[in-house]
Amino acid sequence: MERWAGRVALVTGASSGIGAAIALALLNRDMKVVGCARNVDNVQALSSKMREGSKGSLTVVHCDLRNHDDITSMFEQIRSEFGILHLCVNAAGLSKDAPLLSGDTDSWKEMLDVNVLAVSICTREAVTLMRDSGVDDGHIFNVCSMAGHRPLNNKMNSFYGATKYAVRALTEGVRAELRGLKSHIRVTEISPGLVETEFFVRLGGEQFSQKIFKNLKV
Ligand SMILES: NC(=O)c1ccc[n+]([C@@H]2O[C@H](COP(=O)([O-])OP(=O)(O)OC[C@H]3O[C@@H](n4cnc5c(N)ncnc54)[C@H](OP(=O)(O)O)[C@@H]3O)[C@@H](O)[C@H]2O)c1
């Protein structure tokens, strides 16, 4: 990890759960972290959790990943403030209760926008900035899901699963394109199982989330 100290990382979904934990871990490894989300107060709160003596720095950016202009402005800000990018962690994501035979189209669109399109746009912009700034050992991390590896036995999350299958396909596609460019920038997909974050609260409320995790705790 030492080689990452002082380098610039973008973490999407830095206001909560997995993205917030990754952003904090990178700050504690002395990285310059750009943390984005809509709930910017939560992202800002990471600075008070940094280990004493960390040389990391936090830049908080309001970005609604459903909005392409927001993503473009965020990359313009990174370009003007840092001129360089070494790491992009695509952690933001969501599931909505929207079955395939009865779910509403807006919920599917939101999942597609955040889980698939924003990952694609951020990846394209991140690799472009890395290559423009001479970074050949950069890294893109896509937070996927086990839901992207096998069908879920629950109709609530079928569309979500489809977006995560897409993330796996995108990861392999980007890897192939980078190889074609003879670039050493890497792309990695991480697929967590169940993680107790706000994810299930947002999906079905506090009680729904508690019920899921109650039976898993020893
Ligand atoms: N929790 C699990 O069991 C689990 C399992 C496998 C994979 N995952 C994946 O892990 C990733 C992180 O999930 P989590 O568990 O940490 O969930 P979480 O606690 O609900 O965090 C989700 C993050 O995504 C951001 N986000 C959602 N919609 C956004 C939008 N329109 N614009 C900008 N940011 C948006 C949220 O920020 P704001 O709301 O502040 O904008 C928040 O920071 C997701 O990709 C999820 O699919 C989670």
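The values are calculated or read from the model by the stated rules, or taken from the named source; none is laboratory data. These figures come from a predicted structure and were not determined experimentally. Here Cβ is always computed from backbone atoms with ideal geometry, including for glycine, and neighbour counts include all displayed protein chains. When the accessible area is computed, the model is the full protein with side chains, heavy atoms only, and any ligands, DNA or RNA have been set aside. Shrake-Rupley method; radii C 1.70, N 1.55, O 1.52, S 1.80 Å.
Accessible surface computed residue by residue for the chain, with neighbouring protein chains in place and a 1.4 Å probe, gives 52 Å² per residue. Phi angles across region 10-27 convert, under the Karplus curve 6.51 cos²θ - 1.76 cosθ + 1.60 with θ = phi - 60°, into 3J(HN,Hα) values of 9, 10, 8, x, 7, 8, 7, x, 5, x, 5, 5, 5, 4, 5, 4, 5, 4 Hz, Gly and Pro given as x. Proximity of backbone amide H atoms, modeled 1.01 Å from N, is registered between Arg38 and Cys63 at under 5 Å, excluding neighbours fewer than 5 places apart on the same chain.
Using the Cβ of Val201 as centre and a radius below 15 Å, the other residues enclosed give a net charge of 0, where K and R count +1 and D and E count -1.
Sorting the segments 64-70, 159-165 by their residues' average number of neighbouring beta-carbon atoms within 10 angstrom, most packed first, yields 159-165, 64-70. Summing charges over neighbours of Leu170, with a neighbour being any other residue whose Cβ is under 12 Å away from its Cβ, gives +1 when K and R count +1 and D and E count -1. Between Lys109 and Glu172, the FRET efficiency estimated from the beta carbon spacing at R0 = 30 angstrom works out to 0.75.
A Förster radius of 45 Å, combined with the Cβ-Cβ distance separating Thr128 from Leu216, puts the computed FRET efficiency at roughly 0.65. Packing here is the average count of other Cβ atoms within 10 Å per residue, and on that basis the peptides 54-63, 5-14, highest first, run 5-14, 54-63. Highest GNM mean-square fluctuation among Thr105, Thr171, Thr72, for the chain modelled with Cα contacts below 10 Å: Thr105. For the chain, set up a GNM with springs between Cα atoms under 10 Å and report which of Asp104, Asp136, Asp30 has the largest fluctuation. Of the options given, Asp104 has the highest mean-square fluctuation. A Gaussian network model of the chain, with springs between Cα atoms under 10 Å, assigns the largest mean-square fluctuation among Leu46, Leu101, Leu170 to Leu101.
Remark on the chain: Cys88, Cys122, Cys144 stand apart, with no other cysteine beta carbon under 4.7 Å.
Only protein atoms count toward the accessible area here, which uses a 1.4 Å probe; on the chain, the carbon and sulfur part of that area reaches 52 percent. Take the chain, compute every pairwise Cα distance, and split them into 10 Å bins from 0; I just need the percent in each bin. Pairs per bin, as whole percents: 8, 33, 37, 18, 4, 0. Packing around the peptides 33-39, 179-185, taken as the average count of other Cβ atoms within 10 Å per residue, puts them in this order, highest first: 33-39, 179-185.
Quick check on my link table: of Lys109/Lys217; Lys155/Lys214; Lys55/Lys182; Lys55/Lys164; Lys109/Lys211, which ones sit more than 23 Å apart, alpha carbon to alpha carbon? Pairs exceeding the cut-off: Lys109/Lys217; Lys55/Lys182; Lys55/Lys164; Lys109/Lys211. Each residue of region 197-209 was assigned a 3J(HN,Hα) from its phi angle through the Karplus curve 6.51 cos²θ - 1.76 cosθ + 1.60 (θ = phi - 60°); the sequence is 9, 6, 3, 7, 5, 5, 6, x, x, 4, 5, 4, 5 Hz, with glycine and proline shown as x.
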